[in-house]
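The values are calculated or read from the model by the stated rules, or taken from the named source; none is laboratory data. In this text, all values refer to a predicted model and were calculated from it rather than measured experimentally. Cβ atoms come from the backbone with ideal geometry, glycine included; neighbour counts cover every protein chain shown. Remember, those area values only see protein heavy atoms, side chains included, never the ligands or the DNA or RNA. Shrake-Rupley method; radii C 1.70, N 1.55, O 1.52, S 1.80 Å.
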Amino acid sequence: MKPLITEVTARIRARSADSRRSYLARVEAMVGRTPGVRRMGCANVAHAFAAMPPDARLQVVEERAPHLGVVTAYNDMLSAHQPYECYPQLLRDEARRRGATLQVAGGVPAMCDGVTQGLPGMELSLFSRDTIAMATAIALAHDVYDGALLLGVCDKIVPGLLIGALHFGHLPCVFVPAGPMSTGLSNGDKAKVREQYAQGLVPRERMLQAEQAAYHGPGTCTFYGTANSNQMLLEAMGLHVPGAAFIHPHEPLREALSREAVGALLARSRGPAHLPIGRLVDERCIVNAMVALLATGGSTNHLIHWVAVARAAGIVIDWNDFADLSGQVPLLARVYPNGSADVNALQAAGGPGYVLRELLDAGCLHPDVATVAPEGLVAYTRVPVLDTTGVKWNPAALASGDDDVLRPATQPFSPTGGLRLLQGNLGRAVIKVSAVPSDRHVIEAPAIVFDSQEALQQAFQAGELERDFVAVVRFQGPRANGMPELHKLTPPLAVLQGKGHRVALVTDGRMSGASGKVPAAIHVSPEALGGGPLARVRTGDLIRLDATAGVIQACVEPDEWSAREPASIDPTRAADNGVGLGRELFAGMRRGVSSAEEGAISWV
């Protein structure tokens, strides 16, 4: 392995020693208990299985057959989750075939960020992750299961399910994905129409037509945003059946792999192969996930989510770890927003199997990790195929199916992973440079300060932004308003950049996993609310964003900077802050949430 990757892993292990030891002690104490049916009172047992058919009840109660729980994020608002409607019946049937029983333990909420972008509901999005974790805990708290199948795909849902499952670290767990939708309108054409609409060059009808051509059927949105990044990370962590990530929902192979998930969980639920998720997810597993994210140009949202996931397993990671790994990990994939291809093209070019094989051969991944598959991580370098006898796994192709989409580690798109840590008198931030033109890696321009994304959009529509500038959009952090994604800012800023203006974004908010070509210093910590450095910026201040040197700086004399009184949220805006559409229910989360770099966690 590359020495620096082992060094990063070692320092994570040392930093996490006490918390990981405490976590594993809790896991081991739970692993050693008597199974639930024999441990519980008769009334408890009767309630747990009252709705089961008599023969299934006999299996689990008298014959002590393995009993599996399903936690599902099904709803048909999310195209990615709509296929899950029939999964409980399918999984229950497969469990029965294998001599086990299965119940749906519970459902968790799952919201679509595509629906709520730029709307008040987006202020619940980040906190939905921890709500999902809590709902997972409620589902599994019935405490009658030998293992859990976790059904979720999209942005906050996978991290939430994983955090919740890690709080039941004594249970073996397998994630069951549902696959991406078929390719529709290209991402490039979609972005072009969005930019035209932002300029008033096409009517709403044309915009709606384009969006519906892009998002048109069951499955995950096909760009390489947070949802599809989730799937790549789960493959790298060994929490899927190998190769399950990007198979279309309606392919016969998809059902076969979902059935295989039941078998994989049963194999890990009892006996010598027993593997609780709390043991599986260790420091090496977390580093493998980070490497896979960097190598594929994945979503910046995971610099928040995987910090929280790691913490749930007693492991402490930070942005320095991501930055150091990024310097060692080659960029192997070009998928929108880092390129023009979609995730179906990534799968056709070799998919996760190719990526993980290349990373293993390059010494970028820990090979000696436990996974759902008994063979370990090498199993994830193989590609599933379906024949008359069932699912088989073949080695990933030696050559990429499309060098414009996927490349070997010996000839990467970039020798580094494309994420940078930025530091300066504005705090700490991250930038994803893999999608940003190289001549835009350094921007120095006067600040224009906005306290909301709506204010920037209004200034754009009024023609007030036809110049070089750095948009400072503040009071968008977790404590201020739940840290919404600011994806609606991408089209106007892209339009201005396309006109030749040198523009950039600096914010304590998030950007969508689909954002890319405009340089954006995001997740600025500490956030503006409570006196973070962005609260000191004034319109006209010269801002330097230097992704090459890792600098984010307000070019203001130190004495003047320190003497400035931090700005506060506009009272007219504050009157609406956190009120309406259920936002007031999350006030406690806003008050207690940690910083973005600490994972925006509400439960620590």
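Close amide H pairs (under 5 Å, H built 1.01 Å from N) link residue 184 with no residue at least 5 positions away or on another chain. Taking a Cβ cut-off of under 11 Å around residue 351, the surrounding Lys, Arg, Asp and Glu residues balance to a net charge of +1, with basic ones at +1 and acidic ones at -1. Here the Karplus curve 6.51 cos²θ - 1.76 cosθ + 1.60, taken at θ = phi - 60°, turns the phi angles of the range 471-480 into couplings of 7, 9, 10, 10, 6, 10, x, x, 6, 6 Hz, with x standing for Gly and Pro.
Normalised by the number of residues in the range 53-167, the average gap of Cα pairs under 8 Å and 6 or more apart makes the relative contact order 33 percent. Annotation: amide H-H contacts under 5 Å for residue 422 (H modelled 1.01 Å from N, sequence separation of 5 or more, or interchain): 429, 430, 431. Between 0 and 90 degrees, the angle of helix 17-31 with respect to the longest Cα principal axis of the chain falls at about 30 degrees. Amide H contacts of residue 108: 72, 73, 74, each under 5 Å away and 5 or more positions distant or on a separate chain (H built 1.01 Å from N in the peptide plane; Pro and chain starts excluded). Against the chain, whose longest principal axis is taken from its Cα atoms, helix 226-237 shows a tilt of about 50°.
Taking Lys and Arg as +1 and Asp and Glu as -1, the other residues whose beta-carbon sits under 13 Å from that of residue 542 total -3. Going by accessible surface with a 1.4 Å probe and the largest first, 18, 342, 387 read 18, 387, 342.
Expressed as an acute angle from 0 to 90° and rounded to the nearest 10, what is the orientation of the C-alpha long axis of helix 125-140 relative to the principal long axis of the chain? So the inclination is approximately 10 degrees.
To put it simply, the accessible area of the range 191-251 at a 1.4 Å probe is 53 percent carbon and sulfur.
Over the range 136-196, the reciprocal of the mean inverse Cα-Cα separation, the Kirkwood hydrodynamic radius, stands at 14.1 Å. Its Cα centre serving as origin, the chain has a Cβ charge dipole (Lys and Arg +1, Asp and Glu -1) of approximately 1000 debye. Working from Cα pairs under 8 Å separated by at least six residues, relative contact order for the chain is 14 percent. Listed values for the range 357-366 are Karplus-derived 3J(HN,Hα) couplings in whole Hz (6.51 cos²θ - 1.76 cosθ + 1.60, θ = phi - 60°), namely 4, 5, 5, 5, 5, 7, x, 9, 10, 6, and x replaces Gly and Pro.
State the answer as a single residue: which of 475, 391, 505 lies farthest towards the positive end of the charge dipole of the range 374-505, with beta carbon charges of +1 for Lys and Arg and -1 for Asp and Glu, about the Cα centre. So the residue we want is 475. The chain: D in µm²/s via Stokes-Einstein (Kirkwood Rh, Cα pairs, 10 °C, 1.306 mPa s)? Result for D is 64 µm²/s. Positive contributions from Lys and Arg (+1) and negative ones from Asp and Glu (-1), summed over other residues with Cβ under 14 Å from the Cβ of residue 87, come out at -3. Of all lysines in the structure, those lying under 25 Å Cα to Cα from residue 190, and not within fewer than 8 positions of it along the same chain, are 156, 432, 488, 499, 517.
Note on the chain: antiparallel DSSP beta bridges, both residues inside, total approximately 45 percent of the bridges counted. Its relative contact order, with pairs defined as Cα atoms under 8 Å and 6+ residues apart, puts the range 150-254 at 38 percent. A simple rule links phi to the HN-Hα coupling: the Karplus curve 6.51 cos²θ - 1.76 cosθ + 1.60 with θ = phi - 60°, which for the range 161-174 gives 4, 5, 4, x, 5, 5, 6, 10, x, 7, 9, x, 9, 10 Hz, with x for Gly and Pro. Rounded to the nearest 0.05, the FRET efficiency derived from the C-beta distance between residue 542 and residue 25 at R0 = 56 Å is 0.60.
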